[in-house]
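**Student:** First, the structure itself, so that you have it in front of you.
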Amino acid sequence: MRVIRDIPTLRALPVASPRVLVPTMGALHEGHLQLVDLARRHAGPDGEVVATVFVNPTQFAPHEDFDRYPRPFEADMALLESRGCDAVFAPGREAMYAPDASVKIIETAIGAGLEGASRPQFFSGVCTVVAKLFNLVRPDIAIFGEKDYQQLAVIRRLVRDLDFPIEIVAAPTVREPDGLAMSSRNAYLSPEERRQSVVISAALSEARLSMEQGCIGVATLLDRVRERIASGPLARIDYVAGVHPDTLEPVDTVGLDGLLIAVAVWFGKTRLIDNVCWRRR
Ligand code: AMP
């Protein structure tokens, strides 16, 4: 596995086809590694898997966790190699951004609500860095997790609207045995916060069950999700929203296209997100 830290070396890397990209911020867990497995399957015997590890400063607000975000670099490299990754691009900040970088990509619809409302700088940081990674790595396929459902939808829109010749593949959310969606940020949780954090996935799976059984309004559904999450005394809800799974606009009724319930919940200083997407077909 090649570990590449600068752009000239990346550009000089011979290309095998198809090239499949897995962008990450590192601090890898099984959720990331299953993205790599999926990438490996899409790459096939002749293609290659390129992961990126870059904690992108432009998607963090000044008060957020950029400085304390975990960076276990050697362990990450060993994990990527163990899952058959061919190359890792892990640039430093200076390799990615000129000190006077002044171009940003702003998606104006899909990313406006939910995460975009709570973290106004987030999606422009994500879109800009992902566009840069697409230009640098030039993949045929890129893999993103449904754990960050809105991010996946924003990236699909980025690819469509800016004509990147890249197929976006979604990977299902990987969970801990008790249901908590895996996240690099779970490591911040105290033992008591970790114990209570199960209320998020429990609330969402109960909501899925209600949707499968039908005959329930979105407002009632969201109230139940809020109540279930609030049963963890340490949980502080940022948002619980019911939106159209494609447009991410708020809806009052579960339409023909189904419903996405997306949540963001604080436990102490840790902000966790999760979602359930229910489709009729
Ligand atoms: P991050 O390192 O948090 O930026 O995530 C990198 C990629 O891994 C994104 O496409 C995420 O959606 C995906 N990812 C993170 N956690 C999970 C998970 N638990 N299951 C599936 N994909 C995930």
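The values are calculated or read from the model by the stated rules, or taken from the named source; none is laboratory data. Predicted model, so just to flag it, every value in this text is computed and none were measured. When the accessible area is computed, the model is the full protein with side chains, heavy atoms only, and any ligands, DNA or RNA have been set aside. Shrake-Rupley method; radii C 1.70, N 1.55, O 1.52, S 1.80 Å.
**Student:** Apply the Karplus curve 6.51 cos²θ - 1.76 cosθ + 1.60, θ = phi - 60°, to the phi angles in the range 217-225 and return the couplings in whole Hz, x for Gly and Pro.
**Tutor:** Values, residue by residue: x, 5, 4, 5, 4, 5, 4, 5, 4 Hz.
**Student:** Per 5 Å bin from zero, what fraction in whole % of the C-alpha pairs of the chain is there, up to the bin with the longest pair?
**Tutor:** Percent of pairs per bin, in order: 1, 5, 12, 16, 18, 17, 13, 9, 5, 2, 1, 0.
**Student:** What Kirkwood hydrodynamic radius, in Å, does the range 34-165 give when the mean of 1/r is taken over all pairs of distinct Cα atoms and then inverted?
**Tutor:** 16.0
**Student:** Which residue fluctuates most in the GNM of the chain (Cα springs below 10 Å): Ser102, Ser201, Ser118?
**Tutor:** Residue with maximal mean-square fluctuation among Ser102, Ser201, Ser118: Ser102.
**Student:** With a cut-off of 8 Å between alpha carbons and a minimum separation of six or more residues, what is the relative contact order of the chain in percent?
**Tutor:** Once normalised by length, the contact order is 17 percent.
**Student:** Kindly state, as a whole number, the per residue volume in cubic angstrom of the convex hull around the alpha carbon atoms of the range 184-276.
**Tutor:** For the range 184-276, the hull spanned by Cα atoms encloses 89 Å³ per residue.
**Student:** Could you pull out every one of the lysines with an alpha carbon less than 25 Å from that of Lys104, ignoring same-chain neighbours closer than 8 positions?
**Tutor:** Cα-Cα hits under 25 Å: Lys132, Lys147.
**Student:** Angle, helix 198-213 long axis vs. longest principal axis of the chain, Cα atoms, 0 to 90°, nearest 10?
**Tutor:** 70
**Student:** Would you check the accessible area of Lys104, probe 1.4 Å, heavy atoms only, in square angstrom rounded to 10?
**Tutor:** Per-residue accessible area (Lys104): approximately 140 Å².
**Student:** Per the 1.4 Å probe, what fraction of the accessible area of the chain, in percent, lies on carbon and sulfur atoms?
**Tutor:** Percent of accessible area from carbon and sulfur atoms in the chain: 54.
**Student:** Considering only protein heavy atoms, with the full assembly of protein chains and a 1.4 angstrom probe, order Arg175, Arg185 by accessible area, largest first.
**Tutor:** Arg175, Arg185
**Student:** Tell me, what ³J(HN,Hα) does each residue in the range 128-134 have, in order and in whole Hz, if you take phi through Karplus 6.51 cos²θ - 1.76 cosθ + 1.60 with θ = phi - 60° and put x for Gly and Pro?
**Tutor:** 3J(HN,Hα) across the range 128-134, in whole Hz: 5, 6, 5, 4, 5, 5, 4.
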